[in-house]
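Trainee: This is the structure I want to talk about, given as structure tokens.
The values are calculated or read from the model by the stated rules, or taken from the named source; none is laboratory data. Keep in mind that this is a model prediction, so the values were computed, not measured. Cβ: placed from backbone, ideal geometry, glycine included. Neighbour counts: every protein chain shown.
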There are 2 protein chains.
Amino acid sequence: MKIRFYNARILTMEENAEIFEGELHTEESRITYVGKGAAPNGEKEWDREIDCAGNLLLPGFKNAHTHSAMTFLRSYADDLPLQEWLYNRVFPMEAKLTKEDQVDLAKLGMLEYLTSGITSNFDMYLDNMCHAIASKELGYRTVLCGSMNDFGGTVPETEEEYYKINEVSPLVSYKLGFHAEYTTKGETIEELARLAQKMKEPVYLHLAETKKEVDECYGRYGMSPVKYLDSVGIFEYGGGGFHGVWMNEEDMDICLNKNVSIVSNPSSNVKLASGVADLCTMLDKGINLALGTDGPASNNALDMFREMYLAATLQKVTKMDAAAMDAAAVLRMATTGGAKAMGLTDCDVLAVGKKADIIMINMHRPNMQPENNIVKNLVYSGSKENIKLTMIDGKILYENGEFFVGEDVEDIYKKANAIIKRCKES
Amino acid sequence: MKIRFYNARILTMEENAEIFEGELHTEESRITYVGKGAAPNGEKEWDREIDCAGNLLLPGFKNAHTHSAMTFLRSYADDLPLQEWLYNRVFPMEAKLTKEDQVDLAKLGMLEYLTSGITSNFDMYLDNMCHAIASKELGYRTVLCGSMNDFGGTVPETEEEYYKINEVSPLVSYKLGFHAEYTTKGETIEELARLAQKMKEPVYLHLAETKKEVDECYGRYGMSPVKYLDSVGIFEYGGGGFHGVWMNEEDMDICLNKNVSIVSNPSSNVKLASGVADLCTMLDKGINLALGTDGPASNNALDMFREMYLAATLQKVTKMDAAAMDAAAVLRMATTGGAKAMGLTDCDVLAVGKKADIIMINMHRPNMQPENNIVKNLVYSGSKENIKLTMIDGKILYENGEFFVGEDVEDIYKKANAIIKRCKES
């Protein structure tokens, strides 16, 4: 499959890249040409030539923290206190899910990612293999993350999952991880640290999401979660923390020195009243930052435009400084920062040899006009309506509002409704 | 023009209304039928019959605080401190605008309102007549608000504007108002209060937007802006305050007793770092609340979904309570609350005899699935992609991503780009 995008504006997201007018070519899963103006040797035989009409090509957004199959709980239990939400609403319903349910529900999440220009997600949920199968079946790119804790999973099982899931599809990869410090015994964490060191692999987890979590960790270990985890050697080969809302300067310095990315989930953090992560300080220090939507039960949209807008504006209002956090830094979080956090070094920028994970932004919409600053337009007024095309691994999976995923989307909606109906009634 | 919507789900937004399946008919500018199931006497001759395929009909959103023609400054000067933004960037550029520019720029704003299901706006800007003309030309419903202050406009001119603008079109109405306490001399405010009392009209203004504004008012009058304005009799016939971020309980009680609506602009307030209005307390007291996007230079999107999401979630995070502010209350702010604040008592709900200002929500999208709770889906995961149709005064102006406003939208985009280019260069 050879595709030529012409009459495009292109933002490669390489360092200091500016938007230019030009062409981009893909062949199978890779980008084979990116350049200004019209491309040389235009006589190639194309499977498709796409006149971009001045629309913008950009690397796909990376949704660096998700629980995709939680789609079935969207709008099921909002506007409740966090503990009631989690223990009385979420956990009992999750216990009723079959593996097949989890595949179908993950697919619903992926459809929504496509509408928001998200070309890969970093997922952790009940049965990671279910998500891996869904990704393979729809052609979606996913990094999965170990999620064991005291209620399920062991370190040997995590090691086994690592090898199994990394083999499912070239679109699927796996990272070591566990749910969180507050749900996992110290000896298990230490065992995982030894595995990570043996395998020379990074480790990921929910980290410093709520004040309660941090306070309790001090109670248990006399240290913050970051400091405790570092003390047992979990971050010897880097890793990442999801949320990072309640971090002190020492925590941040550890993250910087140990190559630990922080994945911020601003919508989830405000909706669940967890707080606002201090992204400005982390950015100043040089920590790699990424963005995630978290699960649809706690957000509830899977929309990178929402996350970008909040990542910028919540910094402004909490710092009481309209100049805090600029749009370009936020766009880096949503693209290259996410790719780095997820180990997707092949999908980060638009350049020859990189994977063709590409989105096209429709500039011919009122919210993208006038064009004073296209990056600011994207971050501050962009919306799902601007996603004209989403390509993953060289295949167009979403274009002009339609899905090309090899399955009937109405059928996926029906299954999701049937699952929640069954769970409520049983 | 007789239009029949069938196979619809309908949320009338009447008090305690639940969503039902049924039909809705319009004839010219009015709703002529709303009912469950199939309608009787289906043999009527229709100009158009629309199979809603289970999609949701709802009263159009009311954008109760706007400066539409500021579209030209979108993304022109973000990420700057408020004072620098306003004095060094916004004011010098605005001084270069012609009347024709303001008409064209207001039209760009209206196009974006249509994409977000906003069927009317409450605007205040340099020359209100320009917006009135733009509304008339595109068929858009607008309430305009007097904006005089010490730098332009007088009370007699406001009275003249009242009569002139109320005559432009049935789609356009006018309310007495002024810019803000901090930009307007006390004697002018008192003169306007006398006019409002003579005309028995409500008065609207920017109110308690920033802490600085409130502190300075105490310095001038020894009172908060709300208390001072009430003391000079400005609210004898009600009115409204745009923003209401820095209000104490006494201020709120005055608003309740004097029938003063508060129009919250959550996006603008976080982006400009003004703060977060205490909507929960105002709601508990029974104050009429509405939502606005503010101008595109300070938001930057004109998107009621963004405002609804933030109206709910910013209450949760500032109260540190995930149960604070529920979705249904927010949807009322965006529809009936706005209509009440704007005096659009004919456009508030879907009922026979009301104006046909209607939107259709596309439920066949991943972000609206599954259907655990459609109102929560709307508020927490809804987006512009869900606006399938926007009807104003019985005319469909936007459907399936296309505009039917009698003008070439690309031409409106070109004009906006030409205006900002000229302003930058001159």
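Trainee: Scan the range B:133-147 residue by residue and report those that are small (Gly, Ala, Ser) and within 17 Å of B:LEU397 (Cβ to Cβ). Working first, answer last.
Mentor: So in the range B:133-147, the residues small (Gly, Ala, Ser) come out as B:134-135, B:139, B:146-147.
Of everything in the range B:133-147, those that are small (Gly, Ala, Ser) and within 17 Å of B:LEU397 (Cβ to Cβ) turn out to be B:ALA134, B:SER135, B:GLY139.
Trainee: From the set of residues in the range A:374-388 that are buried (at least 23 other Cβ atoms within 10 Å of the Cβ) and among the aliphatic types (A, V, I, L, M), which is farthest from A:PHE305 (Cα to Cα)?
Mentor: The qualifying residue farthest from A:PHE305 (Cα to Cα) is A:ILE387.
Trainee: I'd like the full set of residues that are in a loop (DSSP other than H, G, I, E, B) and touching a strand residue (DSSP E or B) at 6+ places or on another chain (Cβ under 8 Å), limited to the range B:316-338.
Mentor: Scanning the range B:316-338 gives no hits.
Trainee: What about B:MET247, is it within 22 Å of the chain's Cα centre (by Cα), crowded, with 21+ Cβ neighbours inside 10 Å, at pLDDT 95 or above and not in a helix (DSSP H, G or I)? Don't jump to the end; show me each part of the working.
Mentor: On the way: within 22 Å of the chain's Cα centre (by Cα): yes; crowded, with 21+ Cβ neighbours inside 10 Å: yes; at pLDDT 95 or above: yes; not in a helix (DSSP H, G or I): yes.
In short, yes.
Trainee: Further question on the same structure: Of the numbered conditions (1) within 27 Å of A:LEU289 (Cα to Cα); (2) within 14 Å of chain B (Cβ to nearest Cβ), A:ALA418 fails exactly one; give the number of that condition.
Mentor: Going through (1) within 27 Å of A:LEU289 (Cα to Cα); (2) within 14 Å of chain B (Cβ to nearest Cβ) one by one, A:ALA418 breaks only (1).
Trainee: Going by the conditions given, is B:TYR380 under 23 Å from B:ASN16 (Cβ atoms), in contact (Cβ under 8 Å) with a residue 60 or more places away in the chain and facing another protein chain (nearest Cβ under 7 Å)?
Mentor: Details: under 23 Å from B:ASN16 (Cβ atoms): yes; in contact (Cβ under 8 Å) with a residue 60 or more places away in the chain: yes; facing another protein chain (nearest Cβ under 7 Å): yes.
Here the answer is yes, as B:TYR380 does meet what is asked.
Trainee: Name the single residue that is modelled with the highest pLDDT among those in the range B:37-83 being within 30 Å of B:LEU144 (Cα to Cα) and aromatic (Phe, Trp, Tyr).
Mentor: So in the range B:37-83, the residues within 30 Å of B:LEU144 (Cα to Cα) come out as B:56-83.
Keeping just the survivors that are aromatic (Phe, Trp, Tyr) gives B:61, B:72, B:76.
Values: B:PHE61: 98, B:PHE72: 93, B:TYR76: 89.
In this case the residue turns out to be B:PHE61.
Trainee: Within the bounds of the range A:183-195, is there any residue that is at pLDDT 95 or above, within 27 Å of A:LEU82 (Cβ to Cβ), among the charged types (D, E, K, R) and out of contact with any strand residue (DSSP E or B) (no Cβ under 8 Å at 6 or more places or on another chain)?
Mentor: Within the range A:183-195 (the criterion being at pLDDT 95 or above, within 27 Å of A:LEU82 (Cβ to Cβ), among the charged types (D, E, K, R) and out of contact with any strand residue (DSSP E or B) (no Cβ under 8 Å at 6 or more places or on another chain)), the answer is yes, since at least one residue qualifies.
Trainee: Still on this structure, please answer the following. Checking A:MET1 against (1) buried (at least 19 other Cβ atoms within 10 Å of the Cβ); (2) more than 15 Å from A:VAL352 (Cβ to Cβ); (3) among the aliphatic types (A, V, I, L, M): exactly one of these is not met. Which one?
Mentor: (1)
Trainee: Of all residues being touching a helix residue (DSSP H, G or I) at 6+ places or on another chain (Cβ under 6 Å) and not in a loop (DSSP other than H, G, I, E, B) in the range B:289-305, which is nearest to the other protein chains (Cβ to nearest Cβ)? Just the residue, please.
Mentor: Looking at the filtered set, the residue picked out is B:MET304.
Trainee: Give the residues of the range B:4-31 that are without any contact (Cβ under 8 Å) to a residue 12 or more places away in the chain and of a type in the set (S, T, N, Q), sorted by residue number.
Mentor: The one that is without any contact (Cβ under 8 Å) to a residue 12 or more places away in the chain and of a type in the set (S, T, N, Q): B:ASN16.
This table checks each residue for (1) surrounded by fewer than 24 Cβ atoms within 10 Å (Cβ to Cβ); (2) under 30 Å from B:ALA323 (Cβ atoms).
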residue	(1), (2)
B:GLY337	no, yes
B:ALA341	no, yes
B:MET360	no, no
B:ASP393	yes, no
B:LYS421	yes, no
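Trainee: Taking the range B:270-288 as the region of interest, how many residues are assigned to a helix (DSSP H, G or I), more than 23 Å from B:ALA106 (Cβ to Cβ) and within 10 Å of another protein chain (Cβ to nearest Cβ)?
Mentor: Of the range B:270-288, the ones assigned to a helix (DSSP H, G or I) are B:270-271, B:279-285.
Then keep just the ones that are more than 23 Å from B:ALA106 (Cβ to Cβ); that gives B:270, B:279-285.
Those still in the list that are within 10 Å of another protein chain (Cβ to nearest Cβ) too: B:270.
Of the residues in the range B:270-288, 1 are assigned to a helix (DSSP H, G or I), more than 23 Å from B:ALA106 (Cβ to Cβ) and within 10 Å of another protein chain (Cβ to nearest Cβ).
Trainee: Moving on to the next point. Please go through the range A:197-217 and pick out each residue that is surrounded by fewer than 17 Cβ atoms within 10 Å (Cβ to Cβ), in contact (Cβ under 8 Å) with a residue 12 or more places away in the chain and of a type outside the set (Asp, Glu). Outline the logic, then answer.
Mentor: Within the range A:197-217, the first condition is being surrounded by fewer than 17 Cβ atoms within 10 Å (Cβ to Cβ), and the residues that meet it are A:197-200, A:211-212, A:215-216.
Okay, now just the ones that are also in contact (Cβ under 8 Å) with a residue 12 or more places away in the chain, so A:197, A:199-200, A:211, A:216.
If the condition is that a residue be surrounded by fewer than 17 Cβ atoms within 10 Å (Cβ to Cβ), in contact (Cβ under 8 Å) with a residue 12 or more places away in the chain and of a type outside the set (Asp, Glu), then A:GLN197, A:MET199, A:LYS200, A:LYS211 are the ones that fit.
Trainee: Here is a follow-up. Answer yes if at least one residue in the range A:73-90 is closer than 27 Å to A:SER135 by Cα, assigned by TED's automatic domain parsing to the domain that holds A:SER261, assigned to a helix (DSSP H, G or I) and in contact (Cβ under 8 Å) with a residue 24 or more places away in the chain, and no otherwise.
Mentor: Yes: the range A:73-90 contains one or more residues that are closer than 27 Å to A:SER135 by Cα, assigned by TED's automatic domain parsing to the domain that holds A:SER261, assigned to a helix (DSSP H, G or I) and in contact (Cβ under 8 Å) with a residue 24 or more places away in the chain.
Trainee: Condition (residue is touching a residue at least 12 places away in the same chain (Cβ under 8 Å), facing chain A (nearest Cβ under 9 Å), surrounded by fewer than 21 Cβ atoms within 10 Å (Cβ to Cβ) and within 22 Å of B:LYS36 (Cβ to Cβ)) applied to the range B:366-373: is it met by at least one residue? Even if it seems obvious, please write down each step before you answer.
Mentor: So the first thing to find is which residues in the range B:366-373 are touching a residue at least 12 places away in the same chain (Cβ under 8 Å), and the list is B:367-368, B:373.
Okay, now just the ones that are also facing chain A (nearest Cβ under 9 Å), so B:367-368, B:373.
So of that shortlist, the ones also surrounded by fewer than 21 Cβ atoms within 10 Å (Cβ to Cβ) come out as B:373.
Remaining after also requiring within 22 Å of B:LYS36 (Cβ to Cβ): B:373.
Checking the range B:366-373: at least one residue is touching a residue at least 12 places away in the same chain (Cβ under 8 Å), facing chain A (nearest Cβ under 9 Å), surrounded by fewer than 21 Cβ atoms within 10 Å (Cβ to Cβ) and within 22 Å of B:LYS36 (Cβ to Cβ).
Trainee: Could you look through the range A:78-105, keep only residues that are closer than 17 Å to A:ARG422 by Cβ and aliphatic (A, V, I, L, M), and pick out the one that is surrounded by the fewest Cβ atoms within 10 Å (Cβ to Cβ)?
Mentor: A:ALA95
Trainee: Restricting to the range B:94-123, give me the number of residues that are free of Cβ contacts under 8 Å to residues at least 60 places away in the same chain and away from chain A (no Cβ under 14 Å).
Mentor: 8
Trainee: Follow-up. For A:ALA312, work out the one condition from (1) in a loop (DSSP other than H, G, I, E, B); (2) small (Gly, Ala, Ser); (3) within 30 Å of B:LEU111 (Cβ to Cβ) it doesn't fulfil.
Mentor: It fails just one condition, (1).
Trainee: While we're on this one: Please identify the pairs in which a residue from the range B:303-317 that is in contact (Cβ under 8 Å) with a residue 60 or more places away in the chain has its Cβ atom under 8 Å from the Cβ atom of a residue that is part of a loop (DSSP other than H, G, I, E, B) and among the aliphatic types (A, V, I, L, M), counting only partners at least 6 apart or on another chain.
Mentor: B:TYR309/A:ALA301; B:ALA312/B:MET325
Trainee: For A:ASP303, all conditions in the list (1) outside the structural domain of A:PHE122 (by TED's automatic domain parsing); (2) surrounded by 24 or more Cβ atoms within 10 Å (Cβ to Cβ); (3) among the charged types (D, E, K, R) hold save one; what is the number of the exception?
Mentor: (1)
Trainee: Got a sec? Which of B:ALA356, B:ALA351 is more than 11 Å from chain A (Cβ to nearest Cβ), buried (at least 22 other Cβ atoms within 10 Å of the Cβ) and touching an Asp or Glu at 6+ places or on another chain (Cβ under 8 Å)? Before the answer, list the steps.
Mentor: Details: B:ALA351 fails: buried (at least 22 other Cβ atoms within 10 Å of the Cβ).
That would be B:ALA356, the only listed residue that is more than 11 Å from chain A (Cβ to nearest Cβ), buried (at least 22 other Cβ atoms within 10 Å of the Cβ) and touching an Asp or Glu at 6+ places or on another chain (Cβ under 8 Å).
Trainee: Could you tell me which of the residues B:GLY406, B:GLY338 is more than 9 Å from every other protein chain (Cβ to nearest Cβ), within 23 Å of B:ASP104 (Cβ to Cβ) and touching a residue at least 60 places away in the same chain (Cβ under 8 Å)? Please lay out each step first, then the result.
Mentor: Values: B:GLY338 fails: within 23 Å of B:ASP104 (Cβ to Cβ).
Going through B:GLY406, B:GLY338 in turn, the sole match is B:GLY406.
Trainee: Answer with yes or no whether B:ARG220 is in the same structural domain as B:GLU181 (by TED's automatic domain parsing), surrounded by 19 or more Cβ atoms within 10 Å (Cβ to Cβ), part of a helix (DSSP H, G or I) and in contact with a Phe, Trp or Tyr (Cβ under 9 Å, 6 or more places away or on another chain).
Mentor: Working: in the same structural domain as B:GLU181 (by TED's automatic domain parsing): yes; surrounded by 19 or more Cβ atoms within 10 Å (Cβ to Cβ): no; part of a helix (DSSP H, G or I): yes; in contact with a Phe, Trp or Tyr (Cβ under 9 Å, 6 or more places away or on another chain): yes.
The answer is no for B:ARG220.
Trainee: So, one more: Considering the range B:20-64 alone, what residues qualify as being assigned to a strand (DSSP E or B) and among the acidic types (Asp, Glu)?
Mentor: As a first pass, look at the range B:20-64 and keep what is assigned to a strand (DSSP E or B): B:20-27, B:30-36, B:48-51, B:56-59, B:61-64.
Selection gives B:GLU21, B:GLU23, B:GLU27, B:GLU49, B:ASP51.
Trainee: Could we say that B:PHE242 is within 23 Å of B:ILE118 (Cα to Cα) and away from chain A (no Cβ under 14 Å) here?
Mentor: Details: within 23 Å of B:ILE118 (Cα to Cα): yes; away from chain A (no Cβ under 14 Å): yes.
Judged against the criteria, B:PHE242 is a match.
Trainee: Right, another one. Here are some conditions: (1) away from every other protein chain (no Cβ under 14 Å); (2) surrounded by 14 or more Cβ atoms within 10 Å (Cβ to Cβ); (3) part of a loop (DSSP other than H, G, I, E, B); (4) among the small types (Gly, Ala, Ser). B:ALA17 meets all but one. Which one does it not meet?
Mentor: Going through (1) away from every other protein chain (no Cβ under 14 Å); (2) surrounded by 14 or more Cβ atoms within 10 Å (Cβ to Cβ); (3) part of a loop (DSSP other than H, G, I, E, B); (4) among the small types (Gly, Ala, Ser) one by one, B:ALA17 breaks only (2).
Trainee: Hey, another quick one. Sort out which residues of the range B:306-318 are facing another protein chain (nearest Cβ under 7 Å) and under 11 Å from B:CYS280 (Cα atoms), and write them in order of number.
Mentor: Once the filter is applied, which keeps residues that are facing another protein chain (nearest Cβ under 7 Å) and under 11 Å from B:CYS280 (Cα atoms), the range B:306-318 yields B:LEU314, B:LYS316.
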